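Laboratory data are not the source of any read-out in this text; all were calculated from the coordinates shown. Note that the coordinates shown come from a computational prediction; the quantities given were computed from them, not determined experimentally. Heads up, the Cβs are rebuilt from the backbone with ideal geometry, glycines too, and the neighbour counts pull from every protein chain shown.
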Amino acid sequence: MELKKIEEVIEPTHPRIAYFSMEIALQSDIPTYSGGLGVLAGDTLRAAADLKLPLVAVSLLHAEGYFDQSVDPDGNQSEQPSKWNPADFMELMPNDVSVKIEGRDVKLKAWRYEIESVNGGIIPVFLLDADVEGNEEQDRQLTKRLYGGDRSYRLKQEIILGIGGVRLVESLGFDKLEKFHMNEGHASLLTLELLKDSDNNEELVKDVCVFTTHTPVAAGHDKFDYNLVQSIIDTENFPIDLIKKYAGDSELNTTQLALNLSGFSNAVAKKHSVVSKNMFPGYNIRAITNGIHSNTWTCDELAEVFDKHLEDWRVDPFNLRSAVVIPSNEIWEAHQNAKRRLFQVIKEKTDIDYDPEIFTIGFARRATGYKRAHLIFHDLKRLREVVKNAGNIQIVFAGKAHPNDGEGKDNIKRIYDVAKELGGEVKVVFLEGYDMDLAKLMVSGVDVWLNTPMRPREASGTSGMKAAHNGVPNFSVLDGWWIEGHAENITGWGIGHKPTEVSLDADANVDDEDAKDIYSKLEYVILPTYYSRRDEWIHIMKNAIAFNGSFFTTRRMVLQYVSKAYIR
Ligand SMILES: *Cc1c(COP(=O)(O)O)cnc(C)c1O
């Protein structure tokens, strides 16, 4: 047997895995992401770089981003295109490929961005760009707006990502690819290109495809009318009958397409796997629980403390498990400094003074109905009573509503209305422009991280993991990752029913019960611990880091993808 040095086997210029995602959060000021899915993709690649995996990623350029959010003093959101210059961050490749859309050849270029680990590992990311000379004006718009436009626009983007993406990695000379990982169904059209290239060898395609589903909400899965598909896709290469065989008879369901042609499929938390199997019976949808990239999401103040006490945690965050032995005063001081930094930003943005000695709740995520941002305001009389009996509370909100999500926009407005109604009795601010920077500032600068989704709609949730890394305990409905990370009074607190007590498709309105539980835990457990038993509080902060920071990482997650999905 011939032995080779490992560097010869794993050449970074010859990736084995291609990772496809409609959005990737490369860095805070590159607006190629809308929220959790994109941040997860970015954190996945950052961990892959730490691990020096032979992996390459493909996405779209999104030259106008998702959108920049502004909110007027009455709480009305408006949207502007994001402005950024790709050439400031990445390099335009000489290669071009093309896809057929409505019978036209649409030429695609690609930008190369590098994700670099502190240990030197590099993951190349290629962003497809249809704004190429020679393309018709309408086609040049196709890689401009993330989740913008109508169904036709979305399908065209998915053709570019899936089919164009496979053509791109081929043209780049990546001929050792063994796995194609679809991060959500947006990328599932890549299976059609792989089928074509293999003369419809279904088994071969399954062998190379890996699929991760991200939403337990049926409406969240992309579906396309076959009339639309017929008018847009290259039917010569991709006959509708063949698509129907894998993607469903009545409409093209991208999740079904991916499930049918992937040898490994997974959901993003244990509970989400159960919910997904219920939604798509007959498929073995396994669970690989999400994580976050520790070095990206730990605030500077705490990172400095970790550097002093924990070995190599930035690359190997399993070492965060030893955080329990860090002296309490160092954790507390670092946290208070992060808190002051957040409050300075609040002052700059809103001219409201927040007091670092007052217990502060953070809530930031996509503004949409099921996330129930307003739940803590369900009974304002009771909230005032809690504050009177147990101590002051300040609350910080952030989050963007999709431009077409009226309910999400109403939720933002409601926060502004309640802030006025409370008149400073409980301070409430909403910070506009939620992005990675603001997320990091918030998850490290508040005292507790609140999450109140309607069960079972939170597939995983990752902002709570970011909070845990920063010693900020979670106070959340038991759904998604928190079912796995929750240990009552040890890593934080649950809200409402245990997951075993609610049925899978329970969208039953439990606002009353959940709100009651929020108020009573605040009054009798959380506020008394924070204000009167500070040692116990800091112990919980350390537990959050040691139990949850060490486990809910993309390092652990990517290693699971390697052992379960990539090498199988
Ligand atoms: C982490 C993050 C999210 C995802 O948070 P969830 O808890 O999953 O909703 C969304 N947006 C930004 C900017 C983030 O950093």
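Results, tabulated for the structure shown:
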{"item": "Calculated diffusion of the chain, Stokes-Einstein form, Kirkwood radius summed over Cα pairs, 4 °C and 1.567 mPa s, µm²/s", "result": "53"}
{"item": "Rounded, prolate or oblate (a/c below 1.5 giving rounded, otherwise prolate when a/b exceeds b/c) for the stretch 405-541 by Cα gyration tensor", "result": "rounded"}
{"item": "Residue pairs, from the table Lys347/Lys498; Lys83/Lys308; Lys179/Lys277; Lys107/Lys371; Lys308/Lys409, whose Cα atoms sit over 32 Å apart", "result": "Lys347/Lys498; Lys83/Lys308; Lys107/Lys371; Lys308/Lys409"}
{"item": "Taking the chain and dividing mean pair separation by its residue count, relative contact order in percent (alpha carbons under 8 Å, at least six apart)", "result": "14"}
{"item": "Shape call, the stretch 294-552: gyration tensor on alpha carbons, a/c limit 1.5", "result": "rounded"}
{"item": "Distance between the stretch 263-330 and the stretch 14-71 - C-alpha centres, whole angstrom", "result": "18"}
{"item": "Label-reachable residues, the stretch 406-449, where backbone N falls under 13 Å from a point 7 Å from Asp74's Cα toward its Cβ", "result": "413-414, 417"}
{"item": "Listed peptides 71-79, 551-559 by packing density, highest first (mean Cβ within 10 Å)", "result": "551-559, 71-79"}
{"item": "Fewest-first ranking of Thr32, Thr289, using other Cβ atoms within 10 Å as the exposure measure", "result": "Thr289, Thr32"}
{"item": "Whole-angstrom gap from the stretch 396-465 to the stretch 130-204, using each part's C-alpha centre", "result": "34"}
{"item": "GluC sites (Glu not before Pro) restricted to DSSP loop in the stretch 420-495 with at most 14 other C-beta within 10 Å", "result": "Glu425"}
{"item": "The stretch 446-505: C-alpha gyration tensor shape, a/c 1.5 cut-off, then a/b vs b/c", "result": "prolate"}
{"item": "Kyte-Doolittle at least -0.5, axis length at least 18 Å by Cα - qualifying DSSP helices, the chain", "result": "36-50"}
{"item": "Helix-derived mean residue ellipticity, 222 nm - over the chain, DSSP H n ≥ 4, -39500 (n - 2.57), to 500", "result": "-10000 deg cm²/dmol"}
{"item": "By average C-beta atoms within 10 angstrom, highest first, the peptides 122-133, 235-246", "result": "122-133, 235-246"}
